[in-house]
Each structure stands twice: as C-alpha cells, then as structure tokens.
Amino acid sequence: MNLLDIADAEVALSRDGHVLYREPGVALVEGREVLFGHAALAQSRLRPRQLHNAFWQRLNADPVTPAGRSVANQADLVYLHLLEIRAALGDSASPAEVIVAVPPTATAAHLSLLLGIASEAGFKIRAFVDAAVAAASALRLPGPCRVVDLGLHRATVTGLTLATDEPDGPQLRRGQAAEVPAAGLLAMMEGWIDAVADRFVESTRFDPLRVAATDQQLFQQLFDQIGAGAARQVAEFTIEVRHGDISHRVSVDPRAFAEKAEQRYGLLADAIGAPDTLVLTHRALRPPGLAAHLEAAGHRLLRLPENALPQALARQSERLLSPDESVRLATSLPVPSAEEQQSAPEAPPPTHLLCGAIALPLADETSAADHPAANGERGFRVRRRGGGFAIVPTTGDVRLNGERIEFEQAVGSGDVIRHDGLEFRLIAVLDGAPAGSA
C-alpha cells in the first residue's frame, strides 16, 4: 500500500515501507515555471517573492501572490505538487491507492479538499490516519505520552493515551493536540543564519547576507545539514560560501545554534508544560540542543527513527481500510503484539561496562568515572531503567554507536560508547562468558 505523509517539512510518498519521494513542501512559481522541494529551496533566497511555503499547512483555496499561469491559489500548488509526487510511482494508467498521514491540526475541511484534489491528481485516498498515532504505534510506550514534531511553520505536540480495556487489545489513541508557531523550522533557520553570518564577519570580515548568491549558499547548507539532514548530533557544522574567486569557510559549534534558538525552545517547553514522556520525531531531533533542552525541563525522551511512519503503516494498513471503501480519519490504532515488535530475539541485558581489559559491574547507576580507565572523567552514566539500562550523557562529546547523543537513550549489550578518546562497550556476562563483546 502507498503512504503519503503531508508533513510540510518533508512531504513523502512510500510503498510498503520504502520511501519513493521525500521533498520539503515548498514551491517556487514564476510564469509557467513551478519548482517544488529542494529545487525551489535552491532559489528561495534569490527569488524570495516567488516562494510559497504554506500551501500544505493551509490546504485551502486562498489566492497566492504572485500567481503563475497555472497557479492562482493554494489548492493549485497542492495539486501540482501531487502530480509531481504521483510521477514517482511510474505507471499512471489508473489511480494510485494511498493512505494519507495527516498532522493533528488537520480539519475536516482540509481533508475534504485534499480528497478532491488528490483524485484529480491521480490518487485514490483509501484512508486518513493521524501521523503521530501511526508513527508511535510501533513503540513499547510506558503509558501516556506526547509526540513532538517539527514543521516549517510550527511545532506540534500530540497527546497519546493507551487504552488497555479494549476487546480487540490495547489501543493507542490521540488526545489533545497543540501547535507552537514560534518553534517552526523556518523561524529557527533565520536565527541560525544570523549566527553563522556573524561568525563569517568575525572570522573573515565577509558578510554573506549582503550578497544574494552567498546568502543562498549559506541557507542551503544550513537547511541540508539541519533542516533536512540525518537526525544525529555532530561535533561542529562547517559552512563554506564562494564569492567570485574567493571561498570563505567557518566552523560553528552546535551550542551556538542552541543558544540562538533557546527562546524558541523555551516557548515549546512552556507549551508542553509539566514533565512527561515525550516521543520525538526525527525532525524534532534535528535542531541542535532541542532534545537536551527538553530533557533539562524534566521530560523523559524517546526517539522515533526516520522510517517509523512508513514502516508502521506497512504493518497497519489493512486495519485502516474500510470494507465499504468509505474514507475515514483514524485517530487510534491497535498496539502491535510483542511478536510484531520484535524481529529478532533480544540480547540479554548488559551486566558490565568494558574498557580495555577491565569490565566494571553495572550498578543501578554507574558513572564512567568509576571505571579505572576513565581517569576520573565523568562523560556519561549508565542508569538502570526497569529491566534494562540507559546511557545518560553528562559532559563533553559522548557518542553511542558512532552518533553524538544529547539525552538519555536506551542501551543494550553490544552497544559502544566513546568519550574522551576511550571506547567502552556494554557486555553481558553469563556464567562467566561475556555476551555482546564480539
């Protein structure tokens, strides 16, 4: 089954869990020319008046300015974008059946309009499903939680509850949802652009914002590295712009971006409120320091992998299809069984923290400084969580399986932690034989 995710930061089409199309929901219109996604962003700072980036959020027939020969309103942009997405499926002889994942703020009017536009563009919508419910349905949630996602113009916070008294088994249900306009990606990007431009002026005495071409280069690299990059932490961001025959390059610590966005992070944390379990989408994991800010506010964080939504819908699609082919919005889904969630036998939980030739037994909370090889460095702690363990970074550059981490994450036997030039491995010692140390 095909899945269309209309999150405006990444409008994506997938089939049976495999992504076929993924582009930002933006368009650049000038006369007959209409560009979408990264092609539009590549000219967005050069031709800003021709850029449209709210049509997926609005999903209405409001006029656009300036218009184009084939574009008079927001609905026209949605239609043309759907045509481009439809082409990713190849065969266009018949309507392509699709389930559409929608943000929690989508209204009945939005869905009704989309149903008609999609039909004109070669899609047959079989069902709508709340994106947060679908993506989180594969997780083993500890109880009620909230899903945080990041869009171009807003962040969304979706409450989820777990109903355990249903006759067909536990159901994950959508509760209250809120949007936080101050925490949209594009607003954050403007602050980060200013921070990088200041760094260029300090280091090279060249201001990239004074020249449209270098402004575009700066924006594009930041968007590629943060707005659309892999949801992982890096030690520093490198930005290079070329003006004439001269190249200028600066490196920026992620903490500078976190400081620039601190007020927006705070507004998002205020909107979330009291400490809770937060499930962060891969888009919400991208802004430097955001996860750490939310953890510092007392929240327990869980992460959704980038392919969580298409993989979840690949399993759940049959449950969403109505026998009479009526189109409904699903705001609850069954929680998969343990057999569905578990693709391979679990490794035994770790018992020791190995570095070099010494394995330190794990207590309820074990500091890296407790290991003889660490020389008192306190870069991370290993904390018991229920029947397993989690790693909690504390200082410096801490990497779990090669990726820098900012907040507590579950770990198991075989996971590798690097800090201060040392490599630690979590192992399970069973009857004197280490497991997970190969």
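Here are Glu84, Glu120: which of them is more than 23 Å from Leu333 (Cβ to Cβ), at pLDDT 95 or above, loosely packed, with under 15 Cβ neighbours inside 10 Å and charged (D, E, K, R)?
Answer to the check: Glu120.
Can you tell me which residue within the range 385-438, out of those that are outside any loop (DSSP other than H, G, I, E, B) and modelled with pLDDT under 80, is surrounded by the fewest Cβ atoms within 10 Å (Cβ to Cβ)?
Ala433
Go through (1) over 30 Å from Pro104 (Cα atoms); (2) crowded, with 19+ Cβ neighbours inside 10 Å one by one and return the number of the condition Asp198 breaks.
Tallying (1) over 30 Å from Pro104 (Cα atoms); (2) crowded, with 19+ Cβ neighbours inside 10 Å, Asp198 fails exactly one: (2).
Quick one: is Phe128 part of a loop (DSSP other than H, G, I, E, B) and touching a helix residue (DSSP H, G or I) at 6+ places or on another chain (Cβ under 7 Å)? Please lay out each step first, then the result.
Details: part of a loop (DSSP other than H, G, I, E, B): no; touching a helix residue (DSSP H, G or I) at 6+ places or on another chain (Cβ under 7 Å): yes.
No.
What pairs can you find where one residue is in the range 303-319 and closer than 20 Å to Glu10 by Cβ, the other is assigned to a helix (DSSP H, G or I) and of a type in the set (S, T, N, Q), and their Cβ atoms are less than 9 Å apart, with a gap of 6+ or different chains?
Pro305/Gln311
Does any residue of the range 188-206 turn out to be hydroxyl-bearing (Ser, Thr, Tyr) and assigned to a strand (DSSP E or B)?
no
Of all residues in the range 131-160, which are polar (S, T, N, Q) and at pLDDT below 95?
Filtering the range 131-160 down to residues polar (S, T, N, Q) leaves 137, 156, 158.
Once the filter is applied, which keeps residues that are polar (S, T, N, Q) and at pLDDT below 95, the range 131-160 yields only Ser137.
Scan the range 125-143 residue by residue and report those that are surrounded by 20 or more Cβ atoms within 10 Å (Cβ to Cβ), out of contact with any strand residue (DSSP E or B) (no Cβ under 9 Å at 6 or more places or on another chain) and not hydrophobic (A, V, I, L, M, F, W, C).
Matches in the range 125-143: none.
So Val335 passes all but one of these: (1) crowded, with 18+ Cβ neighbours inside 10 Å; (2) of a type in the set (A, V, I, L, M); (3) at pLDDT 90 or above; (4) over 21 Å from the mean Cα position of the chain (by Cα). Which condition number does it fail?
Every condition holds for Val335 apart from (3).
For the range 140-187, give me the residue count where each residue is part of a loop (DSSP other than H, G, I, E, B) and within 30 Å of Gln216 (Cα to Cα). I'd like the intermediate steps shown before the answer.
Within the range 140-187, the subset part of a loop (DSSP other than H, G, I, E, B) is 140-144, 151-154, 164-170, 184.
Within this subset, residues satisfying the condition of being within 30 Å of Gln216 (Cα to Cα) are 151-154, 184.
Here the count works out to 5.
Quick one: in the range 1-41, of everything that is assigned to a loop (DSSP other than H, G, I, E, B), in contact (Cβ under 8 Å) with a residue 60 or more places away in the chain and in contact with a strand residue (DSSP E or B) (Cβ under 8 Å, 6 or more places away or on another chain), which residue is surrounded by the fewest Cβ atoms within 10 Å (Cβ to Cβ)?
Met1
Which one is modelled with the lowest pLDDT, of the residues in the range 224-261 that are in contact with a helix residue (DSSP H, G or I) (Cβ under 6 Å, 6 or more places away or on another chain) and either assigned to a loop (DSSP other than H, G, I, E, B) or among the hydrophobic types (A, V, I, L, M, F, W, C) (or both)?
Phe237
Among the residues in the range 144-153, are any surrounded by fewer than 24 Cβ atoms within 10 Å (Cβ to Cβ), among the aliphatic types (A, V, I, L, M) and under 29 Å from Leu294 (Cβ atoms)?
yes
Considering only the range 365-384, state which residues are surrounded by fewer than 16 Cβ atoms within 10 Å (Cβ to Cβ) and of a type outside the set (A, V, I, L, M).
Listed by number, the residues that qualify are Glu365, Pro372, Asn375, Gly376, Arg378, Arg384.
The values are calculated or read from the model by the stated rules, or taken from the named source; none is laboratory data. Remember, it's a predicted structure, so these values are computed and weren't measured experimentally. So basically every Cβ, Gly included, is an ideal-geometry build from the backbone, and we count neighbours across all protein chains shown.
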